[in-house]
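Encoded as structure tokens, the structure appears first; notes follow it.
The values are calculated or read from the model by the stated rules, or taken from the named source; none is laboratory data. Not measured: the values here are computed from a predicted model. Note that each Cβ is placed from the backbone with ideal geometry, even for glycine, and that neighbours are counted across all protein chains shown. Surface areas here come from the heavy atoms of the whole protein model, side chains and all, with no ligands, DNA or RNA. Shrake-Rupley method; radii C 1.70, N 1.55, O 1.52, S 1.80 Å.
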Amino acid sequence: MKRRHLLSAAAASALAGVPLGARAQAYPTKPITVIVPFAAGGPTDALARILCQRMSEVLGQQLVVENVGGAGGTIGVAKAARATPDGYTLLFAHMGTLAVNIALYKQLPYDSQKDLEPVGLGGTNPMVLVVRKDLPARNLGEFVAYVKENQKKAQYGMAGIGAASHLGGLMLNSMMKVDVLEVPYKGTGPALNDLVSGQFDYMVDQAVNVLPQIQAGNIRALGVSTLKRLPQLPDVPTIDEAGLKGYEVTIWNGFFAPRGTSKEIVARLNQALVTALGDEKIRTRLTELAVEVPLPQEATPDALRSQLKASIDKWVPTVRAAGVKPQ
Ligand code: ASP
């Protein structure tokens, strides 16, 4: 037997003696890439970075965020789904890119239920209808009238087909019965900068992203997407109570691994996530940003699998019923 074969045989027999659990304990031995399918500075990116920082400490290796924006997040999700399933490439994405967009694309480059292993839920975040500071409408009623009157020139920002901001905007536009020009971005981080400088009229985006700019007075909030008002914006009505009855959109985000990632690695990552979610400092920070922090039983891989299925079952028919044509 050649020396090389001798070595690999020795390595194999050494590994064979090590129980699976102990082998997974060795993981991770190098930095882990976490693909965020939107531009830096937006809500998906912000949540990923808050959680990854603490998870890096727990795992003893850096979780490095890689922003792969474009096509409503589908480019980044496809990249993660095709990565080697060795625990060194993960995805942090939301229900837009994994569930809603099934109704919006004729052909998606992945099947979110088959090509990804759920790791755990990272948080759930309401959305807020925000408008440029100088938009004449002061409340939702005036806003609806304004958009109807200005349909030819009104514009709303969003992070591409199937993004959360697209879902928020298209449900709103469909209830207002308006057809408005959409301005696509690689993420709502860059979109928000343009809303602050008044380059388009409105956007529906996660509270994580827009709260600081609302609080600084750089944009105005006209409604929240949940059926309950947010403690951070007590004077802002829900969109439902302000007149568009039945409007309700909440966005969840979660960690996923490519299909084929071992159960041991998924369990190790999940344990790091649950530890991060239990950290008092992280909970306080996320709560300030209106993120609902999952309980440990809500953050299991199986719970995320069920959540994904429930979102597909709810949103695919809803979006189809809103009459949006897939492309
Ligand atoms: N959350 C945003 C959206 O889906 C994108 C982003 O995170 O930048 O609209």
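From (1) more than 30 Å from Pro296 (Cα to Cα); (2) surrounded by 24 or more Cβ atoms within 10 Å (Cβ to Cβ); (3) within 16 Å of the ligand (Cβ to nearest atom), pick out the condition that doesn't hold for Phe143.
Going through (1) more than 30 Å from Pro296 (Cα to Cα); (2) surrounded by 24 or more Cβ atoms within 10 Å (Cβ to Cβ); (3) within 16 Å of the ligand (Cβ to nearest atom) one by one, Phe143 breaks only (3).
Before we move on, is Val249 buried (at least 16 other Cβ atoms within 10 Å of the Cβ), closer than 17 Å to Leu167 by Cα and in contact with a helix residue (DSSP H, G or I) (Cβ under 6 Å, 6 or more places away or on another chain)?
yes
Among the residues of region 218-242, how many are under 18 Å from Phe143 (Cα atoms) and in a loop (DSSP other than H, G, I, E, B)? If you could, list the steps in order and put the result at the bottom.
Just the residues of region 218-242 that are under 18 Å from Phe143 (Cα atoms), to begin with: 218-225, 235-242.
If we keep only those that are in a loop (DSSP other than H, G, I, E, B) too, we end up with 218, 225, 235-237, 239-242.
The qualifying residues number 9.
Using the structure shown, decide if Pro234 is at pLDDT below 95 and open to solvent by 70 Å² or more (accessible area, probe 1.4 Å). Explain how you work it out, then say what you get.
Working: at pLDDT below 95: no; open to solvent by 70 Å² or more (accessible area, probe 1.4 Å): yes.
No, not satisfied.
Which residues, counting only those in region 161-177, are away from the ligand (no atom under 16 Å from the Cβ) and open to solvent by less than 20 Å² (accessible area, probe 1.4 Å)? So that I can check it myself, show each step before the final result.
Pass one, region 161-177, residues away from the ligand (no atom under 16 Å from the Cβ): 174-177.
Correct list: Met176 only.
Restricting attention to region 259-272, does a residue exist that is among the basic types (Lys, Arg), in contact (Cβ under 8 Å) with a residue 12 or more places away in the chain and part of a loop (DSSP other than H, G, I, E, B)?
yes
Test each condition in (1) under 23 Å from Tyr110 (Cα atoms); (2) open to solvent by 50 Å² or more (accessible area, probe 1.4 Å); (3) in contact with a Phe, Trp or Tyr (Cβ under 7 Å, 6 or more places away or on another chain) for Arg268 and report the one that comes out false.
The single condition Arg268 does not satisfy is (1).
Taking region 82-112 as the region of interest, how many residues are within 16 Å of Ile32 (Cβ to Cβ) and open to solvent by 10 Å² or more (accessible area, probe 1.4 Å)?
First, the residues of region 82-112 that are within 16 Å of Ile32 (Cβ to Cβ): 83-93.
This time we only want the ones that are open to solvent by 10 Å² or more (accessible area, probe 1.4 Å), so: 83-86, 88-89.
So the count comes out to 6.
Conditions first: (1) more than 17 Å from the chain's Cα centre (by Cα); (2) part of a loop (DSSP other than H, G, I, E, B); (3) within 16 Å of the ligand (Cβ to nearest atom). Pro212 passes all but one, so which condition is the exception?
Every condition holds for Pro212 apart from (2).
Restrict the check to region 286-304 and report whether at least one residue is on the phi > 0 side of the Ramachandran plot and within 18 Å of the chain's Cα centre (by Cα). First the steps, then the outcome.
Restricting attention to region 286-304, the residues satisfying the condition of being on the phi > 0 side of the Ramachandran plot are 290.
From what's left, within 18 Å of the chain's Cα centre (by Cα): 290.
Scanning region 286-304 turns up at least one residue that is on the phi > 0 side of the Ramachandran plot and within 18 Å of the chain's Cα centre (by Cα).
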